[in-house]
Every structure is written in structure tokens, then in C-alpha cells.
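Here is the structure we will look at, set down as C-alpha cells.
Values quoted throughout were computed directly from the atomic coordinates according to the rules given, and no laboratory measurement underlies them. For clarity, every value in this text was computed on a predicted model and none was experimentally measured. Neighbour counts are summed over all protein chains in view; Cβ atoms, including those assigned to glycine, are modelled from backbone coordinates with ideal geometry.
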Amino acid sequence: MPKKGMQKRSFFKKLWAGIGLLAGVELVWLTLNFLSPKKQKKDIKNLFAAGKIKNFSRNSVTPFRNRNFFLVRLQNGGFIALSIKCSHLGCNIEWDENDEKFVCPCHSSWFTINGDVMHAPATRPLATLPIIIENGDVKINTNVILKRNSIEDTEIVYADKHGKT
Amino acid sequence: MTDHKVRQAKARRRKLNNLILHLHPNMVPEKALKFTLTWGLGGMAALLFVLLVFTGILLRFVYVPTPEGAYDSIVYLKQKVVFGNFVRNIHYWSATFFIVVVFLHLMRVLYTGAYAKNRASNWVIGLCLLLLAISMNFTGYLLPWDQLAYWAITVSANMLKYIPFLGESLHRLLVQGDEIGAPSLLAFYNLHTGLLPLATVMLLAFHFWKIRKARGVVIPKDNPGDGSRKVPVWPNLLVREFVVALILLAVVLIISFSFDAPLQERANPSVSPNPAKAPWYFMGFQELILHFHPTISVLILPLGVLILLFSLPYIKNIDPEQGIWFLSKKGRKISICSALSGKLFAVIFVLLNEYLIKSSSQTILLKNGTIPFIVFMAALYTHVLILDKKFNATIAEILQSVLTIIFSSFLVLTMIGIFFRGKGMALIF
Ligand code: HEM
Ligand code: FES
């Protein structure tokens, strides 16, 4: 059996190690918090008025490059706001008028008019931005970007809430 | 030797002792002098790092780390500052050579079996230095704030997002926000000119100390008879190092004089250039991303290789022959074959992928690279089995071969990315 003094010493060793560990964890936590970017105020709406409904013809794509989105009006009259950032590695996509597809200049992903992937390397559809239609004005909340893993029709917004206008 | 000469030599040695900070012992084994043992690569890396620090300090006097000021300060440097362009070029080319030389140094340590036993910890320190070298280059890449910088960093930083669970937060932490902007530039600037070089200096001190603790670089075992002769470090080793340093310096200066570091138009966050390429040392990854699902290309493959590299000296029963290139005659043959087959494999894979798999309507598993990946791993495994059973290769020889295959195919992918990818990342010849 070890002497009493030895036991005490090993107890203090453990204590020191424990305190040291705690201090280390705290330091890492503090550093990470110091370095983590300030949270953006996602809940504050930043509505951007893109224009009157009638300005956008069916089956058309209007770029808003400074706001980082494309406003798409589908054949059936519905609106989608597609993020300009390629879902692959974040380059800015372009609308190819002739082939009716979005093209990414960086690694040549293609997307359909509603943002679905036609051609790898992208694997997910383009992200969308929320649209609100008020008094015939199409408004986009540019503070929010909704990532999606598959195409859903819920992103499509219609002027007439009950059906397709 | 006369008394006078002996005294002179002693005095010189004393001065040397102070001057070069005990980097070297007074006497070194004659075998360690052979240039083709180390190719002087570690020393070259050290010299390039010194060049980078000196030119970097100068550049800091002119550079402004804000999106508004950065590009203009570089243009000002090029046009108005005396030797500004030259200093920038030296920094650029030293950085490029640094990556190449550090990587070659790693290869030489691998192929001379210098990672094992009492050098294991130094191999790990070395790997950290490699990661630091890449991080320094990467953070420096953004600073000119031109189109090249902005989009290369955008694309590379976005690769992080594919890491499951942690990816998004890691990206936010690195970029200090959702996309590259003023906070990213400030963070990159601080990392590039503060934290990372500081960490490198500290690790380098550690690295050099460990070399001395291991009694110098690795040398072949003594054959009976030839003995282990030792010679004074001056002039034998120091003159050699000096000559290598001068030649390297001359090459860097001539290239910096003849070729300008690139500077494109000012960064424009709303227009991506076509094609947008990652920095050249990440081009292999970018090529991988074209062919494999990102989980494979940015997570499984790099992590696997890193784990293999870090654990290499600690693998059970690994006992490479030390100080002999490729470990043995057999090892040399295996390595050459591995290098060739690795290269061939990469070329065939890229061509197949480009002209057959992509254009036809195959299953998604083929298109996103899952099946090719499994086939590759199976082939690698078979290769290991054959080396083990048929050729009776040692563990060290087998792993050397595996790493050779990985490195040589990655090299081919990097070359393809740099030289054979044009608009829309289409293959061009
Ligand atoms: C910042 C970059 C680096 C510098 C400046 C550097 C410098 C050096 C120097 C001067 C030597 C003496 C022998 C020689 O010149 O080859 C050396 C040896 C060594 N280096 Fe590095 N090195 C760096 C990165 C690395 C890397 C990436 C590795 C591998 C992962 C590594 C692993 C080693 C090992 C294990 C030795 C001992 C080799 C032996 O004893 O033969 N170093 N290094
Ligand atoms: S970023 Fe669009 S294809 Fe890679």
C-alpha cells in the first residue's frame, strides 16, 4: 500500500490535470466564440421590390445580379426566386437564353428553369428566396436563402392564391 | 597543421557555433554529405521560407487589407514603388517553389525511409509544416483581391461545406460570414502575415532540433569494412549548403525578373470568370470534384490520405530500410511500376469519364463516381495483396507503393486541371 503522502500527491496531480483541462476547454471555447462571425439578423425582412407582375412575361428569367438572385416566371404563371450562387461551389450562374438553362461558368453544372440539376457536378437544386406578392408587386426577401435537396412545388408563388393566374 | 592554423580553425569553429545556432554538429558523417541522399530539399525549403518572410515584411508596408484598398495597393506597388513589382514577384515565386520543394522533401523522406523509429515525431511535425505551407499559400492567394483571387478562394472555401455536420460552420468560421467579403479578407490577412508564419517558425525550430536529436539525417547502415568516417562540418557540409542556396536564390531571382505574378481585374463578386480555377495546388481536388461526389472527393479521399500519412511511422511492424532510396532494389522496381500505373490509371479514368460515362445516361452511382471509387479501392487492395503474397514485399514497401500510386495519380489530375481544362472546364488539348 502506498504511503499517505503519495496518495495525496497523486490526488493533487489529478486535480491539477482536471483544472488544466477545464482551463484549456474554456480557452478554446472563448477563442471560437471570439472568432465566430456575428450572427446575421435572418428574421429581419429585407423586402426588395422587383416590379409589377405584368412586367414579367411567362417563361421568362430576369437577373437581379446586385441582389444575387434570378426572378423566374414559369409557363404556368408561378414565380420562383433562384439564388445566383451555384449549388456546387458557389460561383454565379448565368441564364442561357438559347438553350433555356442555367449554366455555371466554373465547372459547367446546368440547371433547369426551376433550378433542378441537369448536369453534374452539382448535386442539389439551386437555393430559393422567399417571395411575397402584394398589390401586384413582386417582393423578394433577400435576407433569406433556402437550401433545398429536391424540387418541391411549394417554392412556387402564384399571384392568385387560389390557382394559376 | 601548424599551431597557428589549428588555432585559426578552432576560432572559426567557435564563431560558426554562434553563427548558425547549433543547427549542425561540428563533425558530420561523410555519408550524410552525398547530395543525392537528401537533394538538399529541406534546406531549400528553409531558404524559401526566409525569402518569403523578408519579402512579406516589405509587402506589408504597402498592402491595405480592405476590399476597397487591397487591389489599388497592389497596383500602386507594381507601378509606383521602386522594386515593388520585383519584391512581389519574389514573394510569389518563392511561395510557389515552397509548396513544390516541401512536397518533394516529403517524398524524399518517404522514399529514404527516414520517417521511422526515432524520426517518427519529426515526420509528424513535418506533416504539420506541410499543412501550414499550404494554408499560408491559400490565405495569401486572396490578398490581391482580383478576380482570380476572389473566385479561387470562393470555390475552394465552398468545398468545406460538403463536410457532413461541421461543414457549414467551418465555412462560416473561415470566411467569417456567408461569402467572401471584408471580414474574410481581414481574417486571411491576419492568418497569412501573423499566426501561420509564427506557427511555422516555432515548428521549424522543433523540426531542426529533432533532426539533431536523431543525430542528423538518415544514412545507410555501415557495410563491414568501410566504417563510419566523420568529417568537419566546415567546409564539407556548409560549403555545399551555401552553393545550393546560391543556385536556388539565382533561379528564384531570374524567374522573378522574367515572369510577373498574375494580377487580373479587380474582384467582382457578381461575375464569375469562366473557368474559375482553384489555386494550382488544389487543382487536383477540383478535378476530383468533377468526377466524384463531393463526399468522396473532399472528405473521404483527403481524410484517408492524411490519416495514412500521419499514422505511417506508427503502423505496427513498419521497419523501412533507412537511407537507401526506395528502401531496396525491389522497392525501387515496385515504386517505378506504381508511379507509372498510377499515372496511367488517372489519365484513362479522366478520359473514360469525359467521353463515355458523362455523356451516356448511366446510373447515378456511375456518374457521381461511387462505382469508380469502389473499383479503384478494390484494385488498390488487390495490388496490396499481390505485393504481399507474390512479391513478399515488406509493409514499408507496400505502403510506399500505395502512396506512390495516390501521389502520382493526384499529380496527373493536378496537371490536367492546370493545363488541360478550358472554358466551362471542358477538356482541351
Ligand atoms: C516548412 C517546410 C520544411 C522545412 C523548411 C524542412 C526542413 C528540413 C531540413 C533542413 C531537414 C534536414 C535534411 C534535409 O535537408 O532533407 C529536414 C529533415 C526532415 N524533414 Fe523536414 N522540412 C519541412 C517540411 C517537412 C515535411 C512536409 C516533412 C514530412 C512530412 C518533413 C519531415 C522531415 C523528416 C522526417 C526529416 C529527417 C530526415 C532524415 O533524418 O533524413 N519535413 N527538414
Ligand atoms: S461552382 Fe458551379 S459548377 Fe462548380
Chain lengthening between B:Tyr355 and B:Phe257 when straightened (0.36 nm per residue, less Cα-Cα): 31.1 nm
Under 16 Å from the Cα of A:Lys52, which aspartates and glutamates turn up, not counting those fewer than eight places away in the same chain? A:Glu134, A:Asp137, A:Asp160
Residue separation times 0.36 nm, minus the C-alpha to C-alpha distance between B:Val100 and B:Leu170: what's the value? 22.5 nm
Projected label distance in nm at B:Leu23 and B:Lys389, using a 7 Å step from Cα toward the beta-carbon: 5.1
Can you find, among A:Gly90, A:His119, A:Val103, the residue sitting farthest towards the positive end of the charge dipole of the stretch A:44-155, where Lys and Arg contribute +1 and Asp and Glu -1 at Cβ? A:Gly90
Helix by helix, which DSSP H runs in chain B go 30 Å or more along their axis at the Cα atoms and have an average Kyte-Doolittle hydropathy of 0.5 or more? B:84-111, B:120-142, B:233-258, B:329-352, B:395-419
With only Lys, Arg, Asp and Glu charged, each at its Cβ (+1 for the first two, -1 for the last two), find how big the charge dipole of the stretch B:59-197 is about the Cα centre; round to the nearest 20 debye. 620
Quick calc, the stretch A:44-155, dipole around Cα centre from Cβ unit charges on Lys, Arg (+) and Asp, Glu (-), nearest 20 debye, gives 380
Given charges at beta-carbon only (K, R positive; D, E negative), |dipole| of chain B in Debye: 1840
Given a Förster distance of 45 angstrom, what is the FRET efficiency for B:Gln8 paired with A:Met118, based on the Cβ-Cβ distance and rounded to 0.05? 0.05
Helix A:4-35 versus the longest principal axis of chain A: what angle, 0 to 90°, nearest 10, using Cα atoms? 20
For each of B:Tyr162, B:Tyr314, count neighbouring Cβ atoms within 10 Å of the residue's Cβ, then give the residues from fewest to most. B:Tyr314, B:Tyr162
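On a 30 Å Cα-Cα criterion, which of the cross-link pairs B:Lys5/B:Lys221; A:Lys101/A:Lys139; A:Lys54/B:Lys277; B:Lys117/B:Lys333; B:Lys343/B:Lys389; B:Lys117/B:Lys389 come out too long? Kindly include the intermediate steps, with their values, before the conclusion.
On the way: B:Lys5/B:Lys221 35 Å; A:Lys101/A:Lys139 24 Å; A:Lys54/B:Lys277 40 Å; B:Lys117/B:Lys333 25 Å; B:Lys343/B:Lys389 24 Å; B:Lys117/B:Lys389 26 Å.
Where the Cα-Cα span goes over 30 Å, the pairs concerned are B:Lys5/B:Lys221; A:Lys54/B:Lys277.
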What GluC sites (Glu not before Pro) does the stretch A:81-148 have in DSSP loop regions with at most 14 other beta carbons within 10 Å? A:Glu97, A:Glu100
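If each residue's Cβ is checked for other Cβ atoms within 10 Å, how do B:Val243, B:Val350, B:Val298, A:Val144 rank with the fewest at the top? Before the final figure, lay out each step's value.
Numbers: B:Val243 12, B:Val350 20, B:Val298 23, A:Val144 16.
Going from sparsest to densest Cβ surroundings: B:Val243, A:Val144, B:Val350, B:Val298.
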Once fully extended, how much extra length lies between B:Phe420 and B:Leu303, figured as 0.36 nm per residue of separation less the alpha-carbon to alpha-carbon distance? 39.5 nm
